[in-house]
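Notes to accompany the following structure.
The values are calculated or read from the model by the stated rules, or taken from the named source; none is laboratory data. Only a predicted model underlies this, so the values are computations on that prediction, with no experimental measurement involved. No Cβ is skipped: glycine too gets one built from the backbone with ideal geometry, and neighbour counts run over all protein chains shown.
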Amino acid sequence: MNKTMLCIEILQLLSAKNIMSKNELAEMLEINPRNIIEYIKTLQDCGYDIESVRGVYGGYHLNKDSILPTVKLTQKEADVLKSSCAFLENQADFLEYKNYVKAISKVLSSNIESFSTDVKIIDRYPLSMPKEELLKRYSIFTEAMTTKKKCQITYLSTRNKESVHILHPYQVFVFNGSWICLAWNETVNDFGYFKLNRIQSIRILSQGFTKLKTYQSSDYIDQYGMKQNGEYYDIKLECKDLYTAISERIYGKNQKITRVSDSITILECSMQNKQMIRSFVLGFGSKVKVLEPLWLKEEIELEAKRILGEAI
């Protein structure tokens, strides 16, 4: 009988009994007891959870809750998982950090405190709301999506006005550091995006809802953000001494960066939301000149006058 067949028989025997000694296994398989140690080590290396129990009535015990072998990680893979915990520790928009660390600790069979914390994420403009409160709202939406129950929220608009909405929550996602719920809004009979940090109150209702058969996430969310968040505008900016900074990120669809000279770079792309575009341009100050569109040039000029307190 070859080694593979013997290992399989050891698994079958240990599956049938709670504990078997080295000599018992050797007798059953009619092999030298010294070989049992080798075969048990082979099975453990393959990922089977076989424990050595000491004492007069000791022997080998197979964890029957995990008959299938666990995946054996390389040292590099284990280091990557540990680094992911450190990477996410200060990530403000990762709400399930504690549960993530617990899950990874089980995979690694390691103590949570042993994780490296060499990598840090610093959120320059973190939300003022405590992560615990965001997690609470996230959990309520998650429960509502799972049970397909409606939610009633009181929502604060950008103009600081509260309004009540009945929502059918479809998806929760992160955009630009903010947690957002995509939901069907009964108030306006259309889909809308709701920032979790702007919700003043939230509760799950007893009434259920049926998800639209025509719904597709890709119709509302893509790699650039919220697709139904307003019209896209083609912008063209002349940037001075910003080539390296501009080249580091993707700001919109169909982005094109042209280096005209050592100091001048042209940025072209399509962006949503006039207010966000205006804020984006103003963030670069005098380093940027608007080439297109005309409305953006005019709005930047007006905003500059307001900042300086000049008459308009």
Tell me the strands (runs of 3 or more DSSP E) entirely within the stretch 160-210 that contain at least 2 residues that are touching a Cys at 6+ places or on another chain (Cβ under 7 Å) and under 19 Å from Thr146 (Cβ atoms). 162-175, 199-208
Filter result for Ala103 (modelled with pLDDT under 80 and in contact with a Ser or Thr (Cβ under 6 Å, 6 or more places away or on another chain)): no
Out of contact with any helix residue (DSSP H, G or I) (no Cβ under 6 Å at 6 or more places or on another chain) and among the aliphatic types (A, V, I, L, M): which single residue out of Leu196, Leu167, Leu156 fits that description? Leu167
Residues that are outside the structural domain of Glu186 (by TED's automatic domain parsing), modelled with pLDDT under 90 and surrounded by 15 or more Cβ atoms within 10 Å (Cβ to Cβ): does the stretch 117-125 have at least one? no
Residues of the stretch 196-218 being in contact with a Phe, Trp or Tyr (Cβ under 9 Å, 6 or more places away or on another chain) and either closer than 17 Å to Gln272 by Cα or of a type in the set (Phe, Trp, Tyr) (or both), in sequence order, are Phe209, Tyr215
Restricting the first residue to the stretch 255-280 and requiring it to be closer than 17 Å to Thr244 by Cβ, which pairs with a second residue that is polar (S, T, N, Q) and surrounded by 15 or more Cβ atoms within 10 Å (Cβ to Cβ) meet a Cβ separation below 9 Å and a spacing of at least six or different chains? Gln255/Ser270; Ile257/Thr265; Thr258/Thr265; Arg259/Thr265; Leu267/Gln255
Any idea which of (1) of a type in the set (A, V, I, L, M, F, W, C); (2) loosely packed, with under 14 Cβ neighbours inside 10 Å; (3) more than 14 Å from Thr142 (Cα to Cα) is the one Leu205 doesn't satisfy? (3)
